[in-house]
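Novice: Please see the structure below; I have some questions.
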Amino acid sequence: MSWILGGIYCGIIWLVFAKLKLMRLSLPLAIILASVGPGLIVVLLFCAQYFHPYTKQAIVIAQIDPITAQLSTNGRVKEVFVSPNVPIQAGDVLFTVDPIPYENAVEVAKAGLEQAKQNVQLSESTVELSRATLERAKADLTYATNDRDRYQKLRESGGASQDELERAVTLFQQSDAALTQAEQSLKQAAISVGVAKAKQTQAETTLANAEYDLQQTTVKAPADGYVTNLQVHPGMLLGPATGPVMSFIRDTDERQKGVVVAVFVEKNFLRIRTDQYAELAMDAYPGEILTGRVLNSINVSGKGQLVAGGMVPTDLADGKPTQFAVRIQLDDVDSYPLPGGAQGQAAVYTGDVQIAGIPIMFLIRANSWMNYLF
């Protein structure tokens with residue numbers, strides 16, 4: 001750019017003083033022209049590159065979903081229903097996995113859940129039985145206590161023998177032990193109910209996981225779009241360790257339509273504001289300038305993120321300029337459709353020192369015409 005401006009300046013001098021001879025070139029005037037002109041060019045170029053950010057890195061981002069079957073166990077692909085690059089609707093079946101093993105797992109889980117429910121009922125009935133046994137033990141102990149006390153009084157008055165008193169005492173001791181045993185049995189029965197209910201919850205979770213696996217044997221399109229990079233085929237084994245088997249390209253959302261992402265160095269990134277005028281020279285449209293407005297800026301970069309680890313970071317900067325992303329919305333979206341991955345150049349005009357935007361306008365237009373050649 002400096003060579004171009006210098007050439008234009010020299011051409012004006014030649015035209016005025018040599019070709020048209022509008023003025024006579026004197027030594028003082030020559031000194032002024034040789035010093036002031038280049039200085040103005042340097043100032044203009046400095047203001048251009050600082051006040052009006054320009055980048056050669058602008059790209060259209062597409063929404064791409066990696067597709068695979070989210071299965072907890074391995075399964076074989078049964079049928080593929082889509083072809084590459086053919087438009088499909090949200091909810092259309094992409095492919096299916098043989099459901100038989102997963103259906104069997106669901107039946108086994110249902111049987112396990114039914115057994116767990118019966119165990120809960122059995123445990124609860126055991127609790128009721130233990131409570132009845134405890135009430136009976138209490139009644140027996142009350143009877144044995146009264147009988148012992150009665151024989152002790154009779155023995156003191158000579159109305160009962162020593163053997164009868166000892167039998168009453170023994171019966172009391174047996175009833176007291178039976179009460180203790182009944183109390184412990186009730187506690188164990190109550191614990192068994194808690195264990196049975198926990199196993200029922202576990203069985204319900206197992207059934208839910210089995211049913212979820214069964215649902216995942218039918219893989220559907222997450223949105224309107226089309227499939228590319230189709231690597232799945234009938235008989236292929238899929239499982240937890242299997243990576244994506246196809247790429248799903250979503251139809252461009254209306255909010256994302258005509259949005260180009262450009263990255264700018266940090267020295268003038270903070271001068272960019274929402275709704276500022278922007279120009280783009282996309283490789284897909286050589287010789288044309290696409291206009292737009294700044295939609296928003298992403299005020300963070302990957303260098304501003306620390307990864308959690310066991311070591312305290314030491315080198316936090318690599319010395320290279322940090323770049324920040326800016327989203328630009330095209331004014332005329334329908335006239336300039338842009339596929340995902342389309343690249344180009346972008347310039348944002350901040351409104352400061354507006355005359356300094358002329359070199360940037362010239363530069364981006366020159367590069368746009370160069371797209372015919374490169």
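The values are calculated or read from the model by the stated rules, or taken from the named source; none is laboratory data. Computed from a prediction, not measured in an experiment: that's the story for all the values here. Ideal geometry is used to build each Cβ from the backbone, glycine not excepted, and the neighbour counts take in all protein chains shown. Calculation scope for accessible area: heavy atoms of the full protein, side chains included, ligands and nucleic acids excluded. Shrake-Rupley method; radii C 1.70, N 1.55, O 1.52, S 1.80 Å.
Novice: Over the stretch 100-217, one equal point on each Cα, no solvent: what is log10 I(q)/I(0) by the Debye formula at q = 0.10 Å⁻¹?
Specialist: -0.53
Novice: Any idea of the accessible area per residue across the chain, 1.4 Å probe, to the nearest Å²?
Specialist: 62 Å²
Novice: What's the angle, to the nearest 10 degrees (0 to 90), between helix 27-51's Cα axis and the longest principal axis of the chain?
Specialist: The answer is roughly 20 degrees.
Novice: Determine the calculated [θ] at 222 nm for the chain from helices alone, applying -39500 (n - 2.57) to every DSSP H run no shorter than 4 residues and normalising by the residue count; nearest 500 deg cm²/dmol. Kindly include the intermediate steps, with their values, before the conclusion.
Specialist: Values: 5 runs with 165 residues, N = 374.
Counting only the DSSP helices, I get -16000 deg cm²/dmol.
Novice: Does the chain come out rounded, prolate or oblate by the C-alpha gyration tensor, with a ≥ b ≥ c the root eigenvalues, rounded set by a/c under 1.5 and, if not, prolate when a/b is larger than b/c and oblate if not?
Specialist: Values: a/c = 6.26, a/b = 2.90, b/c = 2.16.
Prolate, because a/c is 1.5 or more and a/b exceeds b/c.
Novice: Say each of R293 and V86 gets a label point 7 Å from the Cα, pointing the same way as Cα to Cβ; how far apart are those two points in nm?
Specialist: 4.2 nm
Novice: While we're here: Using a probe of 1.4 angstrom, how much of the accessible area of the stretch 100-217 is carbon and sulfur, in percent?
Specialist: Details: 3960 of 7790 Å².
Of the solvent-accessible surface of the stretch 100-217, carbon and sulfur hold 51 percent.
Novice: So how far, in whole Å, is the C-alpha centre of the stretch 185-243 from the one of the stretch 304-374?
Specialist: After rounding, the separation between the Cα centres reads 45 Å.
Novice: State, to one decimal in nm, how far the label point of Y212 lies from the label point of L129, with both points 7 Å from Cα in the Cβ direction.
Specialist: Taking the simple label geometry, Y212 and L129 are separated by 3.8 nm.
Novice: Where does helix 162-216 land angle-wise versus the long Cα axis of the chain, in degrees 0 to 90, nearest 10?
Specialist: Computed tilt is about 30 degrees.
Novice: Highest mean first, what order results for 78-89, 105-116 on Cβ atoms within 10 Å? Mind dumping the intermediate values first?
Specialist: Working: 78-89: 13.5, 105-116: 16.1.
My ranking of the peptides, most packed first, is 105-116, 78-89.
Novice: How far, in degrees from 0 to 90, does helix 357-370 lean away from the longest principal axis of the Cα atoms of the chain, to the nearest 10?
Specialist: 80 degrees
Novice: Next question, about the same structure. Please report, in debye to the nearest 20, how large the charge dipole of the stretch 100-217 is about its Cα centre when each Lys and Arg carries +1 at its beta carbon and each Asp and Glu carries -1 there. Write down the numbers at each step before the final one.
Specialist: Values: 13 positive and 18 negative charges, 69 e Å.
Here the size comes out at about 320 debye.
Novice: Over the chain, what is the relative contact order in whole percent, taking alpha-carbon pairs under 8 Å and six or more residues apart? Don't skip to the answer; put the middle values down first.
Specialist: Values: 575 pairs, mean separation 106.8, N = 374.
Relative CO of the chain lands at 29 percent.
Novice: Now for a separate question. Hey, quick one: spin label on H233, modelled 7 Å out along Cα-Cβ, who in the stretch 74-111 has an amide N within reach, i.e. under 19 Å?
Specialist: Within reach of a label on H233, which here means backbone N under 19 Å from a point 7 Å along Cα→Cβ, the stretch 74-111 contributes 75-86, 94-98.
Novice: Describe numerically, in nm with one decimal, the distance between label points set 7 Å from Cα along Cα→Cβ at M311 and at L154.
Specialist: Placing both labels 7 Å along Cα→Cβ, they lie 9.2 nm apart.
Novice: Might you report the magnitude of the Cβ-based charge dipole of the chain about its Cα centre, with Lys and Arg at +1 and Asp and Glu at -1, to the nearest 20 debye?
Specialist: On the way: 31 positive and 37 negative charges, 386 e Å.
That gives a dipole near 1860 debye.
Novice: Report, ordered by chain and residue number, the lysines lying within cross-link reach of K320, taken as a straight Cα distance under 27 Å and ignoring same-chain residues fewer than 8 apart.
Specialist: Straight-line reach from K320, under 27 Å: K56, K267, K303.
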